[in-house]
Amino acid sequence: MGQIQRSDSTLFGSFPYLCLMLLFNQLPALTGGTLLALYQDAPVENLLIDSRKPVAPAGTVFFAIRGERHNGHRFVGELYDQGIRQFVIEYEAGIDQNHFSEANVLRVENTVAALQAVAAHHRQQFRIPVIGITGSNGKTIVKEWLAALLEESFRVARSPKSYNSQVGVPLSVWEMNETHTLALFEAGISRPGEMVQLERVIRPTIGIFTNIGPAHDEGFTDRTQKIREKAQLCHACQTVICCLDHHVVYQTLREVLPETVAFFGWSGAADAPVRLKQVQKKARESRLDIGFGSGDFSLTVPFTDEASLENVMHAITLMLHLGIAPETVSQRVGLLQPLSMRLEWKEGMNGCYLIDDSYSNDLAGLSIALDFLNGQGIRKPKTLVLSDVLQSGLPEAELYGRIARLLRSKGISRLVGVGEEISRHGHLFGSDALFFPSTESLLAAMPAFRDELVLVKGARAFRFERIAGRLQRKTHGTVLEINLDALAHNLNYFRRKLKPQTKVMAMVKAFGYGSGGAEIAGVLQFHRVDYLAVAYADEGMALREKGITLPIMVMNPSADAFGQMIPAGLEPEIYCFRILEELLSYLHRTGQTASVHLKLETGMNRLGFAEDEIPQLLSVLRQNPQLRVAALFSHLAASDDLQYRAFTLEQVRRFEKMSGQIIRVLRYQPIRHILNSAGVAHYPESQFDMIRLGIGLYGVGANAADAAGLQPVGTLKTTISQIKHLKAGQTVGYGRRGQITRDSAIATIAVGYADGFDRRLGNGNGRVWINGHFAPTIGSVCMDMTMVDITGVPAGEGDEVMIFGSELPVTELAKSCGTIPYEIMTGLGERIKRVFYSG
């Protein structure tokens, strides 16, 4: 596979790369750091910044990064015990030199800057075209489309997923190797000064500026400043590609960039290098008539929305600039399909969970998908269904040797390989591996999958969506999509409000507020929350069975469950003497000990020991050393309502007094906590030792600031089952309650009150979001379906319908039926399919 010749190819020289070997003892010169220890010089092969992600220890260097709420230095010892021997740190405090006697250690002023310096050095070894992509929107999709469009002409290195941050970019650039003949990297920033750092790492020869929009506006004085900052990526480029019709972007780029930078843009204007002459849209596709040079050509793409058309024009313009013939451009672009930019985790058949990444397959993406698999915290055997890895540029033996080592380091139990290449190297993958020459042969003799985590990852040519479809549990068409990135964002949003020592308890009761208890718990465990809380013992036992090892508080324990709870390490909430005596009776009979959470009554008047019961409680605790108090806590009655501020502060005062009495007798320090999500927002001074996150973790804010800063975790979607065109005077639904007053289009959607779509939302009290328009309900909500008025809405049968999500917050749905978001979310039926995704 040869690189396409282009007029400026001589700029990259006769040799596409220089020396790629880097040794640890070279890092001080690159980073300005000080070598603290060099037990044995070794190559730098893998760059690691996340201690939770398993890697092969040999050649790995861990960069201990400090952030607002995390500190990689805390995990240096843990990684050393796992076999890693090379570390870049900012300070030595807490690192026992004797314990690390066989380590290589470099101290630097800033580990992120050191990571970038190492990646920048690596980038400097290559003399190939490097495309840097920036802008407000479309960066990832343009990059992914270009990777697909160029793979027949180049061996392409690219950012995996949306790795475009201060640490994501250097990790992406580090993946360049001697087989690549072109690279695609995206760069994103949120404040001034960041792009200069990324430009030094990427050093693009060609820049693509997609567009400018409101994303991260809060970090800049105005849009012009944001354009100027993003333009720094292109400062040393030979060529910049952009839409010349985005006049503010184009003019600002011309002002900011040196005169040596050439522009190769597209526009509707007659004098543009690439001319978009006409767009003809049909139902689900668009025909583009394009002028280039002295000729014209046409192509059809399976998109009609403006964003996708803009993104594809950026890709077309780059292809033409690289010298790819218009007829080839037309042929390849015509084969483009919408890409899923996320990893999806779904319920599979026979107790399996399925992670569907069936449209891409390269080494970097495989590593990310395996990390996502391991990040779910579910204790099941891990199976990978993997196709041939096409066009890696590596010799087969080396490629599949690398993959075999990667699978061992990531704890994969079984491989199912599909393709002739991977089958030829089956001996590398162990005796449990299965191999099939094609997707068709696998489907014809599908092996058994039971109680496993299954990752399906294949190159597009293998059409692995057919395998994913076979393995997926069949449920009805209403889906709750759970954004695990948003869950992590919300957790970190609250963590930034906390004191460094404050712990976090996450509430995963009621099936994770409807989102999936075990699945949510696994992600929270991966992100190192300190505690989980469930309502009942069976919820806690289910989490233990799924591999959740975090401490778990059970809020409503019962005596008949102690025999399961206590051996499983579940910690009961004790709120009255009855349940305390029942627990002590169980402990005396069995000779066991238990950790408990004592709830104190401070004003909620629901559960808890009252102030006048404290002396008796202390007497019981003194006489029963087998009972250890893990925590003291209380519940605020009105933390979300500032009109009761004085009452809330009095609750806090009572809690401090009552808990202080107990601690003085215990002579050890239990964890204390009283704040929930709303309490963190309104009473941050009362954090004590831990806070409890419930509805806030799922994206519902207690005030305007939280509402703006949090992201919705759940999006409930369904589809249009049928559309009817009715005349004025006709009626819709039971009891003829839906009166048609004009000629109307009425859609029946596949969600009803059995799914949690409340009957109070019927008869126009609720609305849904369809193709960019609101559509009110009409008639009564039925058990399994609801009717909505789509008059004037461009919609067809099978189209997607949003019940709640980014365009229609769950808070609005709750308000429409006179309830609270808790009731809406916990009322979602279990027959609704949960799809978890990231990226």
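The values are calculated or read from the model by the stated rules, or taken from the named source; none is laboratory data. Computed from a prediction, not measured in an experiment: that's the story for all the values here. Here the Cβ positions follow ideal geometry from the backbone for every residue, glycine too, while neighbour counts run over all protein chains shown. These accessible areas exclude ligands, DNA and RNA; they are computed on the full protein's heavy atoms, side chains included. Shrake-Rupley method; radii C 1.70, N 1.55, O 1.52, S 1.80 Å.
Structure above, values below:
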{"quantity": "Partner aspartates and glutamates for Lys277 [C-alpha distance under 12 Å; skip if fewer than 8 residues away on the same chain]", "calculated": "Asp289, Asp296"}
{"quantity": "Cβ-placed point charges (K, R +1; D, E -1), dipole of the range 580-661 about Cα centre in debye, nearest 20", "calculated": "280"}
{"quantity": "Built amide H within the under 5 Å cut-off of Arg767, gap 5+", "calculated": "Thr777"}
{"quantity": "Directionally averaged projected area (convex hull, Cα atoms, the range 542-634), nm²", "calculated": "6.1"}
{"quantity": "Cross-link reach list, lysines versus Lys599, counting only Cα pairs under 30 Å and skipping chain neighbours closer than eight places", "calculated": "Lys497, Lys499, Lys503, Lys509, Lys546, Lys657"}
{"quantity": "Point-to-point label distance, Arg667-Ala638, nm (Cα→Cβ direction, 7 Å offset)", "calculated": "4.2"}
{"quantity": "For the chain: accessible area per residue (Å², 1.4 Å)", "calculated": "41"}
{"quantity": "Estimated translational D of the range 289-398 in µm²/s (Stokes, Kirkwood radius over Cα pairs; 25 °C; 0.890 mPa s)", "calculated": "140"}
{"quantity": "Integer Hz, Karplus 6.51/-1.76/1.60 couplings in order for the range 163-179, x for Gly and Pro", "calculated": "6, 10, 9, 5, 9, x, 5, x, 5, 5, 4, 4, 6, 4, 9, 5, 8"}
{"quantity": "Surface accessible to a 1.4 Å probe, Leu550 within the full protein complex, Å²", "calculated": "20"}
{"quantity": "Förster radius 51 Å - calculated FRET efficiency between Glu327 and His427, Cβ distance, rounded to 0.05", "calculated": "0.70"}
{"quantity": "Hz values of 3J(HN,Hα) by residue in the range 224-232 - Karplus curve (6.51, -1.76, 1.60), Gly and Pro given as x", "calculated": "4, 4, 5, 4, 4, 5, 5, 5, 4"}
{"quantity": "Mean Cβ count within 10 Å, highest first, over the residues of peptides 202-209, 502-509", "calculated": "202-209, 502-509"}
{"quantity": "Check: the range 106-254 dipole with +1 on Lys, Arg Cβ and -1 on Asp, Glu Cβ, in debye", "calculated": "240"}
{"quantity": "Cα gyration tensor shape for the range 332-444, rounded if a/c is under 1.5, else prolate or oblate", "calculated": "rounded"}
{"quantity": "Cross-link reach list, aspartates and glutamates versus Lys143, counting only Cα pairs under 14 Å and skipping chain neighbours closer than eight places", "calculated": "Glu151, Glu186, Glu310"}
{"quantity": "Positive-end extreme of charge dipole, the range 666-735 - chosen from Gly735, Leu693, Pro712 (charges on Cβ)", "calculated": "Gly735"}
{"quantity": "Theoretical gain in end-to-end length, Thr260 to Thr221 [0.36 nm per residue, Cα-Cα removed]", "calculated": "11.2 nm"}
{"quantity": "Assigned charges on the beta-carbon of Lys, Arg, Asp, Glu; the chain dipole about Cα centre (debye)", "calculated": "860"}
{"quantity": "Residue-averaged [θ]222 nm for the chain, counting only DSSP H segments that reach four residues, each worth -39500 (n - 2.57)", "calculated": "-8500 deg cm²/dmol"}
{"quantity": "Theoretical FRET efficiency, 1/(1+(r/R0)^6), r = Cβ-Cβ of Arg742 and Arg606, R0 56 Å, to 0.05", "calculated": "0.65"}
{"quantity": "Nearest-0.05 FRET efficiency for Glu800 and Arg284, computed from C-beta distance (R0 22 Å)", "calculated": "0.95"}
{"quantity": "Given charges at Cβ of Lys, Arg, Asp, Glu: the chain dipole, positive-most of Ser441, Asn605, Phe100", "calculated": "Asn605"}
{"quantity": "Options (1) 39, 32, 31; (2) 42, 35, 26; (3) 47, 37, 27 - which one matches semi-axes √(5λ) of the Cα gyration tensor in Å as calculated here", "calculated": "(3)"}
{"quantity": "For the range 418-576: Kirkwood Rh in Å [reciprocal of mean 1/r, alpha carbons]", "calculated": "19.2"}
{"quantity": "Simple spin-label estimate for Leu35 and Gln501 in nanometres, 7 Å along Cα-Cβ", "calculated": "4.0"}
